[in-house]
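Here's the structure, in structure tokens; my notes come after.
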Amino acid sequence: MTNNKIILKEQDIAKNFLNINYYLKEKLGKMPEPPLHPATNQPLDPKDLEPLFAKQLIEQELSLEEKIEIPEEIRKMYAMYRPTPLVRALRLEKALETPAKIYFKNEGATLSGSHKVNTAIAQAYYNKSEGVQGLTTETGAGQWGSALSMACNFFGLDCLVYMVRISFKQKPYRKTIMKVFGADILASPSETTKAGKKFLEQDPDTNGSLGMAISEAIEIAASKEKIKYSLGSVLNHVLLHQTVIGEEAKKQLQVAGDYPDKVIGCCGGGSNFAGIAFSFLADKLKGEKSEIEFIGVEPENCPTMCDGEYKYDFGDTARQTPLLKMETLGSDFVPPADHAGGLRYHGIAPILAFLHQNQLIQARKYKQTDVFEAALTFAKTEGIIVAPESSHAVKAAIDEAIKCRENNEAKVILFNLSGHGLLDLRGYEDYLAGKLDNN
Ligand SMILES: Cc1ncc(COP(=O)(O)O)c(C=O)c1O
């Protein structure tokens, strides 16, 4: 029998987060440019971030250490759901008649149903250990809000979530999950912040955006001493926490006797892509694997890496964050109401933008209807209904496997299944009813 799924033991959960900035500095000899203070345009003093973030997270943000030890308490919580399975998509391979091997790391099999819980637990832990009482955050589709609500509940922290208004309407049950864990949820923009009121004045019917929701969450955290802000992607420390995914995937592929030729992840802010890719990218930067390809996948309606400009920009719409060197569509960009709410962010993580600019990773964009078609093929063969975000990675994996069929190449394709879609059925319903468009 071929190994259909590879499941590690709890002791195989990563002991360290892997810091890609170390490899960029030491092996590539250059690094992403630093965040700037918006008032002075000078590199940020770490102290400037203290009103918003726990000190240990700020240290991680700037760290150049190769590895950062994962505290035992975090590893114990990871052991509630990690290691996640690595699955060989044998039935999909057969349906595509491809000689390629397709593997996926199933981050849908976590507690909250997506990869987001990996950083939620870590961020809640570090904040709690520094005496913080509560966290504010934004959420798109609600995956991040659900994950952080759960983590805050575990650590006895309050949690206030600003949920992008269109998703607030599209994904009612994600709100229920957040409520189960005791979080407060508001549709963003809201009347509870100065920024929210301004956005509503400008456009009372706005769908909202992640950029607006971030502005609101930051405003609240900045005004209260014991409340900090938590971001679900984009920043270095968030990408760092997600590297537990790739560290496991590497061990699992070793068990299968394989190594990937292509690593694929969908890209919102970039954290699940970083999670699956950085362990293998480190090998490439060390000069051990020169041929491996990395593919980040975006929606055509929010093509940050594909079409964005590489420049310093704000992380939020009200322009309160430090300036980040990103590929960006502009901090006031409001994407159309796609079902992949978690990919509707105007920028991409500075590390990913840097990697893309330096041709270390590729970017690709797909139409909403095409990714739902791929998601249906995947569901019918592998039995998993994936999140609309993850369906972007599924589509790229299918396209690469078809290319392998055409070129008769038995490549190894690895993608991150970043979340299940069992609470995203409205999108599937619209697709099946022929109601989805690409605008
Ligand atoms: C299931 C899922 N995948 C992917 C993403 C995209 O985020 P990131 O690029 O940070 O992984 C999200 C964001 O909410 C998500 O919920």
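Among ALA54, ALA95, ALA89, which is the only one that is out of contact with any Gly (no Cβ under 8 Å at 6 or more places or on another chain) and either among the hydroxyl-bearing types (Ser, Thr, Tyr) or farther than 28 Å from LEU355 by Cβ (or both)?
Values: ALA54 fails: either among the hydroxyl-bearing types (Ser, Thr, Tyr) or farther than 28 Å from LEU355 by Cβ (or both); ALA89 fails: either among the hydroxyl-bearing types (Ser, Thr, Tyr) or farther than 28 Å from LEU355 by Cβ (or both).
Selected residue: ALA95, the only one of ALA54, ALA95, ALA89 that is out of contact with any Gly (no Cβ under 8 Å at 6 or more places or on another chain) and either among the hydroxyl-bearing types (Ser, Thr, Tyr) or farther than 28 Å from LEU355 by Cβ (or both).
Flag: ALA141 matches the condition of being modelled with pLDDT under 95 and crowded, with 20+ Cβ neighbours inside 10 Å.
Screening ARG344 with (1) more than 16 Å from the ligand (Cβ to nearest atom); (2) surrounded by 23 or more Cβ atoms within 10 Å (Cβ to Cβ); (3) of a type in the set (Lys, Arg) gives one miss only, at (1).
Residue count for region 165-209 satisfying the condition of being at pLDDT 95 or above, in contact with a Gly (Cβ under 6 Å, 6 or more places away or on another chain) and outside any helix (DSSP H, G or I): 3.
Considered as a group, the residues in region 71-87 that are crowded, with 19+ Cβ neighbours inside 10 Å and touching a residue at least 60 places away in the same chain (Cβ under 8 Å) include one that is farthest from LYS228 (Cα to Cα), and that residue is VAL87. Restricting attention to region 263-281, the residues that are more than 10 Å from the chain's Cα centre (by Cα) and either more than 18 Å from ASN21 (Cβ to Cβ) or within 6 Å of the ligand (Cβ to nearest atom) (or both) add up to 2.
The helices (runs of 4 or more DSSP H) found entirely in region 345-431 that carry 3 or more residues being closer than 16 Å to VAL87 by Cβ and in contact (Cβ under 8 Å) with a residue 40 or more places away in the chain are 368-382, 390-407. Does region 233-246 contain any residue that is outside any helix (DSSP H, G or I), within 13 Å of the ligand (Cβ to nearest atom), farther than 20 Å from LYS55 by Cβ and of a type in the set (Gly, Ala, Ser)? Within region 233-246, one or more residues are outside any helix (DSSP H, G or I), within 13 Å of the ligand (Cβ to nearest atom), farther than 20 Å from LYS55 by Cβ and of a type in the set (Gly, Ala, Ser).
Residues checked against (1) of a type in the set (A, V, I, L, M, F, W, C); (2) within 13 Å of the ligand (Cβ to nearest atom):
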position	(1), (2)
ILE295	yes, no
GLU298	no, yes
ASP307	no, no
PRO336	no, no
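Which members of region 121-155 meet the condition of being within 16 Å of the ligand (Cβ to nearest atom) and in a helix (DSSP H, G or I)?
So in region 121-155, the residues within 16 Å of the ligand (Cβ to nearest atom) come out as 121-123, 137-151.
Residues satisfying the conditions are ILE121, ALA122, GLN123, GLN143, TRP144, GLY145, SER146, ALA147, LEU148, SER149, MET150, ALA151.
Does any residue of region 169-181 turn out to be buried (at least 24 other Cβ atoms within 10 Å of the Cβ) and in contact with an Asp or Glu (Cβ under 8 Å, 6 or more places away or on another chain)? Yes, there is a match, as at least one residue in region 169-181 is buried (at least 24 other Cβ atoms within 10 Å of the Cβ) and in contact with an Asp or Glu (Cβ under 8 Å, 6 or more places away or on another chain).
The values are calculated or read from the model by the stated rules, or taken from the named source; none is laboratory data. Note that the structure is predicted; figures quoted are calculated from it, not measured. In this analysis, Cβ positions are derived from the backbone assuming ideal geometry, glycine residues included, and neighbour counts consider all displayed protein chains.
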